[in-house]
1. Report, by residue number, each residue of the stretch 168-219 that is closer than 17 Å to residue 258 by Cα and part of a helix (DSSP H, G or I).
2. Do we find that residue 41 is free of Cβ contacts under 8 Å to residues at least 40 places away in the same chain and either surrounded by fewer than 21 Cβ atoms within 10 Å (Cβ to Cβ) or away from the ligand (no atom under 16 Å from the Cβ) (or both) in this structure?
3. Can you tell me which residue within the stretch 1-26, out of those that are within 16 Å of the ligand (Cβ to nearest atom) and either free of Cβ contacts under 8 Å to residues at least 24 places away in the same chain or not assigned by TED's automatic domain parsing to the domain that holds residue 61 (or both), is surrounded by the most Cβ atoms within 10 Å (Cβ to Cβ)?
4. Condition first: surrounded by fewer than 15 Cβ atoms within 10 Å (Cβ to Cβ) and in contact (Cβ under 8 Å) with a residue 24 or more places away in the chain. Now tell me which residues in the stretch 296-319 satisfy that.
5. Anything in the stretch 224-263 that is within 13 Å of residue 106 (Cα to Cα), among the hydrophobic types (A, V, I, L, M, F, W, C) and part of a strand (DSSP E or B)? List them, or say none.
6. Assuming residue 34 fulfils every condition listed in (1) over 24 Å from residue 307 (Cβ atoms); (2) at pLDDT 95 or above apart from one, which condition is it?
7. So for the stretch 269-277 (the condition being modelled with pLDDT of 95 or more, within 16 Å of the ligand (Cβ to nearest atom), assigned to a strand (DSSP E or B) and under 19 Å from residue 184 (Cβ atoms)), does at least one residue qualify?
8. Can you tell me which condition residue 190 does not meet? The list is (1) without any contact (Cβ under 8 Å) to a residue 40 or more places away in the chain; (2) under 18 Å from residue 107 (Cα atoms); (3) among the basic types (Lys, Arg), and all the others hold.
Amino acid sequence: MIYQRSSQLFAEAEKVIPGGVNSPVRAFKGVGGTPIFAKSAKGAYLYDEDDNRYIDYINSWGPMILGHAFPPVVEAIIEKAKKGTSFGMPTELETKIAELAVSMVPNIDKIRFVNSGTEACMSAIRLARGFTKRDKIIKFAGCYHGHSDSFLIQAGSGASTFGTPNSPGVTQGTAKDTLLASFNDLDNVKALFEANQNEIAAIIVEPVAGNMGCVPPTVGFLQSLRELCDANNTLLIFDEVMTGFRLAKGGVQELFNVRADIVCYGKVIGGGLPVGAFAAREEIMNYLSPLGPVYQAGTLSGNPLAMAAGFAMLKTLNEDATIFKRLEEKTTYLHKGIEKVLLANNIVFTINRVGSMISVHFDANPVIDFHTAKNGDNETFKKFFHGLLKEGVYIAPSAYETWFITDALTYEDLDFTIKAIDKVSKSL
Ligand code: PMP
């Protein structure tokens, strides 16, 4: 493969954009080399500026459940754009998508739209703090909830790739209100409750973690968090930015039958446009401005283009129950195929998977938290990543990321991918 134009574009970008990118993990720092520049994408395929084709397993970090440039989403955006791109006023479509989201997800009565997952999580903890009149939150190492100050404490994803989990600029004052626990370690959470009685406003968790690779909750973990929250008058926040509308219509709440108090969304809910949202039962949501005292706002929140894209996406997911079944089947097929070729090539690995989220870790031991996720052999991952890229398969440029399966993938694409993994494994 030739990456000539991508390399030139990256050199030009570096002069005017810090690190040449607008979001760090795109820079390939975790895997070395220069990033490829996207030119277009359709269905399961991504094309770069050198006209190389890749089967895409990132899918804009999750949202393209139905494939790139999904026609109903594209058409909805075009039609809306003709009528104006932003008003800073309420529109009917905002109510329509809110009604739809509330009907799809259990335990939520009201939802507010924002512009990113970061904003959704940041606003959710402000709301939880306002509602409970407490300051502290518990977050789990390796879970990423966006780049707002309270969360940049041992966050996963890009922050881990760079080994700078605690960013300068986050004040000690802010950091002290974020208590850190180990994912899947209930005793750890109990100890934090005991040491901070009546002080913890919320636990925020990726209910299926996706930012240290895919790390499922152990059986009963989420239910136990629910019980601990109930016993301590603490709110349970599910960050479903990756999992929402992907693992099931109603997200992880539905999948594992556990109730959250506040749920955060991003990406998917905008059909790939910059959207986030947070939702809860009425009593909590009514605490938000202008009804209640907790302030939260946004000039472009509920933007018509984003709402049109999101509505087209959610409507499709709501009306076609076979999508989630197909996603499960395709990912199982891929899972089995990868397992077979890695075993045949004597590679040491662990595969984690929940529904259409899957990750390959180059370590023999179970990956259950941030600590075990970090044991993976990064040098092997780098070779794996670049080998696959050359074969026309695009996975995330970091060992701490999840692969997202899209319904646009055919079984031929999956076979192509498995063959590519077989070939690359022989050179690891
Ligand atoms: N929460 C989770 C679970 C995420 O994966 C991400 C982004 N990958 C965010 C929050 C932040 O979303 P955004 O990048 O849209 O701000």
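The values are calculated or read from the model by the stated rules, or taken from the named source; none is laboratory data. Values in this document were obtained by computation on a predicted structure and should not be read as measured data. Virtual Cβ from ideal backbone geometry, glycine too; neighbours counted across all protein chains shown.
1. 186
2. yes
3. Narrowing the stretch 1-26 to residues within 16 Å of the ligand (Cβ to nearest atom): 21-26.
Imposing the further condition that a residue be either free of Cβ contacts under 8 Å to residues at least 24 places away in the same chain or not assigned by TED's automatic domain parsing to the domain that holds residue 61 (or both) reduces the set to 21-22.
Working: 21: 16, 22: 10.
If we take residues in the stretch 1-26 being within 16 Å of the ligand (Cβ to nearest atom) and either free of Cβ contacts under 8 Å to residues at least 24 places away in the same chain or not assigned by TED's automatic domain parsing to the domain that holds residue 61 (or both), then 21 is surrounded by the most Cβ atoms within 10 Å (Cβ to Cβ).
4. Let us first name the residues in the stretch 296-319 that are surrounded by fewer than 15 Cβ atoms within 10 Å (Cβ to Cβ), namely 297, 299, 319.
Of everything in the stretch 296-319, just one residue is surrounded by fewer than 15 Cβ atoms within 10 Å (Cβ to Cβ) and in contact (Cβ under 8 Å) with a residue 24 or more places away in the chain, namely 299.
5. Of everything in the stretch 224-263, those that are within 13 Å of residue 106 (Cα to Cα), among the hydrophobic types (A, V, I, L, M, F, W, C) and part of a strand (DSSP E or B) turn out to be 238, 248, 262, 263.
6. (2)
7. In the first step, residues of the stretch 269-277 are kept if they are modelled with pLDDT of 95 or more; the result is 273-277.
Still in the running and within 16 Å of the ligand (Cβ to nearest atom): 273-277.
Add one more test, that the residue is assigned to a strand (DSSP E or B), and what stays is 276-277.
This time we only want the ones that are under 19 Å from residue 184 (Cβ atoms), so: none.
No - not one qualifying residue is present in the stretch 269-277.
8. The failed condition is (2).
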